[in-house]
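Heads up: the structure comes next, in structure tokens.
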Ligand code: PMP
């Protein structure tokens with residue numbers, strides 16, 4: 001069977017995520033038969049360079065043989081067992097390795113099975129910690145404007161991207177939302193000053209809501225789903241210091257930015273800070289399987305450790321918590337980090353991405369900004385470059401870039417008016433050049449009228 005048949009069968013029974021299904025009356029769905037390295041292949045033999053790591057999950061290439069082998073060997077030995085009352089080797093080994101790699105003091109690992117669930121765990125754990133410590137009045141969370149933390153109701157509530165959130169607003173708890181330190185339009189040399197200025201809002205919110213707040217939740221350095229907006233590590237340092245001073249937790253959602261995306265293994269390292277909760281998923285398994293981990297401190301753990309009758313235990317369970325196949329994929333992924341100079345190689349790839357993009361697009365009349373943090377590069381399309389005036393979202397300029405990408409064999413999936421690259425780390429310089437060339441053509445076409 002070729003693409004046509006699979007598309008027809010799909011559209012009869014499937015309902016796709018993040019999709020207005022009516023779009024597929026005209027927009028071709030791409031059925032993928034196999035994949036290898038940075039490339040996807042459809043049922044008609046056409047290939048697509050995966051410039052966005054399949055929603056930012058893939059690190060070391062599709063069907064990476066080493067990870068595939070680890071999963072297959074694990075599947076033949078133990079595919080799954082519940083993690084309550086029972087344990088298994090991959091869960092123990094992975095918790096040992098994650099706590100050793102994470103910022104000092106994150107000594108406990110709680111598993112979940114996807115990013116949103118990890119955020120739910122961190123929110124509940126923080127609230128429950130304060131309750132166990134005799135402060136049940138702490139029921140609120142502080143978040144940043146333009147943040148994204150997932151789409152289950154709790155995670156959606158602490159996010160701030162209207163597209164995903166607005167419809168469901170009546171169902172959601174209300175966070176205290178503080179203006180993001182987003183540095184769009186600010187020259188790099190002024191990022192720290194900008195972040196420090198914006199931090200005044202955070203300070204004021206923490207002061208105003210003293211005693212009510214459980215935690216502040218942020219995506220360190222890059223607000224990915226929020227159009228890849230970026231801010232400097234200095235904001236995180238100020239935030240850590242203020243969270244300590246006001247006695248509230250800091251939740252770092254590194255679901256998208258963790259595992260090398262920003263240039264360091266974890267983004268928090270660039271600020272030299274340790275959050276109270278570190279949420280990990282996506283790249284954790286190299287993009288093979290859904291798995292998540294929430295790392296926290298012994299101090300948090302101790303607040304739940306008591307006699308059964310006190311009912312202080314943390315009650316949160318997903319059937320597939322700590323799934324052995326996911327843990328085996330994660331261990332193989334960490335082996336690659338341990339044995340290969342991944343971050344060093346990425347520095348060269350990131351430099352190439354930056355240079356090639358600047359050469360192709362820095363002077364484009366409809367490119368308002370090119371920004372980059374490590375292996376994440378974003379190109380902001382604007383109607384008016386001088387005033388950084390955005391295109392109205394209804395025009396769907398990004399979709400035109402997406403379509404052009406598919407025609408030329410590159411998977412780009414712009415977020416509104418922002419075209420971005422977040423490729424797997426196995427991408428080559430030649431592939432980066434192709435990615436940039438096709439994006440530049442797409443941007444030309446999309447901004448012509
Ligand atoms: N937090 C961040 C920062 C994310 O980027 C995402 C996913 N895009 C999530 C949470 C949610 O993860 P999941 O899609 O696995 O639920």
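Here, each number is a calculation from the coordinates, and none is a lab measurement. In this text the structure is predicted, and so the values were computed from the model without any measurement. Neighbour counts run over all protein chains shown; Cβ positions are idealised from the backbone, glycine included.
Computed quantities for the displayed model
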read-out	value
For the chain, calculated [θ]222 nm from helices alone, where every DSSP H run of n ≥ 4 adds -39500 (n - 2.57)	-12000 deg cm²/dmol
Gained length - residue 4 relative to residue 301, 0.36 nm times residue gap less alpha-carbon distance	101.6 nm
Segment 219-300: mean projected area of Cα convex hull, nm²	5.7
Cα convex hull volume per residue for segment 49-182 (Å³)	189
Scaled radius of gyration (Cα, divided by 2.2 N^0.38 Å) that the chain gives	0.98
Two-decimal log10 I(q)/I(0) for segment 307-449, as the Debye equation yields it once each C-alpha is a single scatterer, q = 0.19 Å⁻¹	-1.05
Sorted by Cβ neighbour density within 10 Å, fewest at the top, the residues 319, 281	319, 281
Ranked packing of 392-399, 114-121, most packed first, by mean Cβ within 10 Å	114-121, 392-399
Computed label-point distance, nm, for sites residue 78 and residue 34 using a 7 Å Cα→Cβ extension	3.3
Convex hull volume of segment 164-265 per residue (C-alpha atoms, cubic angstrom)	118
Whole-angstrom gap from segment 222-242 to segment 76-154, using each part's C-alpha centre	21
Pair residue 152, residue 19: separation of 7 Å Cα→Cβ label points (nm)	2.4
Residues in segment 237-263 reached by a label modelled at residue 318 [backbone nitrogen below 13 Å; 7 Å Cα→Cβ]	255
Mean Cβ neighbour count within 10 Å, used as a protection proxy, ranking 221-232, 353-364, 265-276 highest first	221-232, 265-276, 353-364
Estimated FRET transfer efficiency (residue 338, residue 203; beta-carbon r; R0 35 Å; 0.05)	0.30
Burial ordering of 78, 289, fewest other beta-carbon atoms within 10 Å first	78, 289
Approximate spin-label separation residue 384-residue 145, in nm, with each point projected 7 Å along Cα-to-Cβ	2.0
Listed peptides 49-57, 439-447 by packing density, highest first (mean Cβ within 10 Å)	49-57, 439-447
Ratio of Rg to Rh over segment 1-96 (Cα coordinates, Kirkwood Rh, two decimals)	1.09
Alpha-carbon Debye profile of segment 233-369, log10 I(q)/I(0) at 0.10, 0.13, 0.18, 0.22 Å⁻¹	-0.51, -0.79, -1.17, -1.30
